[in-house]
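*Asks:* Structure in structure tokens, see below.
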Amino acid sequence: MKIKTRVKSYDEVMAIKPPKHQKPKKTNIFWQTLTKVISQPALIASHFTHSEVGMEKLGKNEPALILMNHSGFTDFEIAYSMLYPRKFNTVAAYETFMGLEWLMKAIGCFPTRKYISDLQLIRDIKHCLTKNKSSVLMYPEAVYTLDGTCVTLPSTLAKFVKMLEVPLCLLKTNGVYLHVPAYGYVVNRDVPIHAELRYVLSPEEIKEMSVEEIQEVLDREFAYDEFRWQKENNIVVDEPFRADGLHTILYKCPHCQKEGKMQSNGIHLTCTACGKTWELTEHGYLKATEGETYFDHVPDWYKWERECVKREILDGKYGFDVPCEIMMIVDTKALYKVGSGRLSHNKEDGFHLTGCDGKIDYRQSSKSMYTCEATPYWYQIDDVIGMGNHEALYFAFPTEQKEVVGKVKLAVEEIYKILQEEKKAKQLEKAAKSDE
């Protein structure tokens, strides 16, 4: 999927009046039907199958919160096919509205700015449930999974579920990630896709449960591993380009420990520093062409990189400062190319984006981000790191050291965890002193 872009100066972009907020529209059966029909060719081509578990518990017109794991654009087609003809509104990322605002709203979507505290979003969701009498579909992971496992969920999700007091359902897919992996370059693989729509919790059960208990349910229900699913179900992915782009997430060589020297081409992943080469097999295993494999499971390699980043942070060695091209979103008309600049990131200062001859000087604290937008080949443009606030969203495309895109998401998540642990430790220390 591509996104509409325009070239404007920073001053021109900041002079644009922000769009007025509009409440989510009631879903229209015509647009629902049309969307389902348009989605069918892609689903048929992917040998799509589906099932339901416990959905007889949900009334025909009873609004529910429907959470869905996020692996690719096919998620959208699956949702509009499986949920039909149930009325539902969809929470969608702000950038998906670029040049398509009227259509997105017609099919029941309403925008949110990812990773930003947004009380208006909560009001919009409640409006859908109580006024529109429609269910709400959300992707709590917010971005596509990079390694085929669950992306970090917001810590407030369980509180949110409890607050809404409506049934909780889960629409969970397998195969979407393998069909078009987020690390790849938008070339479909021939992989069968399956989706299951499950009734998870009733309002009565939610009311009786603690936030911690609901969080345990969410963590359990959202757990998935696409590469393990491939192996367990003997799914063959034999395309000759199946490893293309894998270096964007497996950016560090476990043999020589160098970063940013990995390259992927065809079915192979190679470190250009030491020459070590792996093959991504037809069944989703990694296999060294010579010597020790180290990691035969992609998520295990990615997890090891996370542990390496955490050690760097704790040792005070993590950080980067790279040149980048900058794009911005301030309305739903287009993604604006405003110029070049630099992006830095570390534990103490968080993100610092400068550019456009000093006109951009944007900072985002590490305390405010539990994860971030860091996506390879974002909307078929380039590898991106995103951030922002209610005034503007900034998208930095590094022109050097592109491995930071694969690394920064892990760093943001680990820094947030460390800061939370430090905060708890201080609170305990303060409480202990007050008891003395």
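The values are calculated or read from the model by the stated rules, or taken from the named source; none is laboratory data. Note that this is a predicted model, so its numbers are computed, not measured. Here the Cβ positions follow ideal geometry from the backbone for every residue, glycine too, while neighbour counts run over all protein chains shown. To get the accessible areas, we keep the full protein, side chains included, count just its heavy atoms, and leave off ligands, DNA and RNA. Shrake-Rupley method; radii C 1.70, N 1.55, O 1.52, S 1.80 Å.
*Asks:* At pLDDT 95 or above, part of a helix (DSSP H, G or I), of a type outside the set (Gly, Ala, Ser) and under 25 Å from residue 419 (Cα atoms), is that true of residue 310? Steps first, answer last, please.
*Replies:* Working: at pLDDT 95 or above: yes; part of a helix (DSSP H, G or I): yes; of a type outside the set (Gly, Ala, Ser): yes; under 25 Å from residue 419 (Cα atoms): yes.
Taking the combined requirement at face value, the residue satisfies it.
*Asks:* Let me ask something else. Need pairs with beta-carbon distance below 6 Å; first residue under 23 Å from residue 71 (Cβ atoms) and surrounded by fewer than 18 Cβ atoms within 10 Å (Cβ to Cβ) and within the range 375-401, second of a type outside the set (A, V, I, L, M, F, W, C) and modelled with pLDDT under 95; sequence gap 6+ or separate chains.
*Replies:* Listed by first residue and then by second, the contacts come to 377/185; 380/2.
*Asks:* A further question follows. So how many residues does the range 263-277 have that are in contact (Cβ under 8 Å) with a residue 24 or more places away in the chain and either under 18 Å from residue 406 (Cα atoms) or open to solvent by less than 50 Å² (accessible area, probe 1.4 Å) (or both)?
*Replies:* If we filter the range 263-277 for residues that are in contact (Cβ under 8 Å) with a residue 24 or more places away in the chain, which is where we start, we get 266-269.
Within this subset, residues satisfying the condition of being either under 18 Å from residue 406 (Cα atoms) or open to solvent by less than 50 Å² (accessible area, probe 1.4 Å) (or both) are 266-267, 269.
Within the range 263-277, residues that are in contact (Cβ under 8 Å) with a residue 24 or more places away in the chain and either under 18 Å from residue 406 (Cα atoms) or open to solvent by less than 50 Å² (accessible area, probe 1.4 Å) (or both) number 3.
This table checks each residue for (1) assigned to a loop (DSSP other than H, G, I, E, B); (2) within 21 Å of residue 174 (Cα to Cα); (3) open to solvent by less than 30 Å² (accessible area, probe 1.4 Å).
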site	(1), (2), (3)
79	no, yes, yes
85	yes, no, no
90	no, yes, yes
96	no, no, yes
120	no, no, no
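*Asks:* Let me ask you something else. With the structure loaded, tell me whether residue 177 is within 16 Å of residue 74 (Cβ to Cβ), within 21 Å of the chain's Cα centre (by Cα), outside any loop (DSSP other than H, G, I, E, B) and not β-branched (Val, Ile, Thr) or whether it fails that test.
*Replies:* yes
*Asks:* Which ones in the range 1-16 are open to solvent by less than 80 Å² (accessible area, probe 1.4 Å) and under 21 Å from the mean Cα position of the chain (by Cα)?
*Replies:* The answer is 3, and nothing else.
*Asks:* For the range 362-410, name all the residues that are assigned to a loop (DSSP other than H, G, I, E, B) and on the phi > 0 side of the Ramachandran plot. Give the steps one after another, and end with the answer.
*Replies:* Going residue by residue through the range 362-410, those that are assigned to a loop (DSSP other than H, G, I, E, B) are 365, 369-372, 379-381, 389-392, 399-402.
Scanning the range 362-410 gives 379, 380, 401.
*Asks:* Also, I was wondering about something else. Out of all the residues in the range 330-352, which are farther than 16 Å from residue 382 by Cβ and hydrophobic (A, V, I, L, M, F, W, C)?
*Replies:* 330, 334, 351
*Asks:* Give me the residue from the range 35-64 that is in contact with a Ser or Thr (Cβ under 7 Å, 6 or more places away or on another chain), open to solvent by less than 20 Å² (accessible area, probe 1.4 Å) and hydrophobic (A, V, I, L, M, F, W, C) and, out of that set, nearest to residue 130 (Cα to Cα).
*Replies:* It comes out as 64.
*Asks:* Count, please, the residues in the range 92-109 that happen to be among the hydrophobic types (A, V, I, L, M, F, W, C), under 21 Å from the mean Cα position of the chain (by Cα) and under 19 Å from residue 20 (Cβ atoms). First the steps, then the outcome.
*Replies:* Taking the range 92-109 and keeping what is among the hydrophobic types (A, V, I, L, M, F, W, C), we get 92-93, 97-98, 100, 102-104, 106-107, 109.
When the remaining residues are screened for being under 21 Å from the mean Cα position of the chain (by Cα), the result is 92-93, 97-98, 100, 104, 109.
Still in the list and also under 19 Å from residue 20 (Cβ atoms): 92, 97-98, 100, 104, 109.
Count: 6.
*Asks:* Also, I was wondering about something else. Got a number for residues in the range 331-353 being of a type in the set (Phe, Trp, Tyr) and not in a strand (DSSP E or B)? Reasoning before the result, please.
*Replies:* Within the range 331-353, the subset of a type in the set (Phe, Trp, Tyr) is 336, 351.
Among the residues that remain, those that are also not in a strand (DSSP E or B) are: none.
Qualifying residue count for the region: 0.
*Asks:* Would you check which residues across the range 165-182 are at pLDDT below 95 and over 17 Å from residue 282 (Cα atoms) and list them?
*Replies:* 165, 182
*Asks:* Can you tell me how many residues in the range 129-148 are within 23 Å of the chain's Cα centre (by Cα) and open to solvent by less than 30 Å² (accessible area, probe 1.4 Å)? First the steps, then the outcome.
*Replies:* Taking the range 129-148 as the starting set, the residues that turn out to be within 23 Å of the chain's Cα centre (by Cα) are 135-148.
Filter once more, so that each one left must be open to solvent by less than 30 Å² (accessible area, probe 1.4 Å): 135-138, 140-143, 145-148.
Within the range 129-148, residues that are within 23 Å of the chain's Cα centre (by Cα) and open to solvent by less than 30 Å² (accessible area, probe 1.4 Å) number 12.
*Asks:* Among the residues of the range 108-118, write down those that are buried (at least 19 other Cβ atoms within 10 Å of the Cβ) and either of a type in the set (A, V, I, L, M, F, W, C) or over 22 Å from residue 69 (Cβ atoms) (or both).
*Replies:* 109, 110
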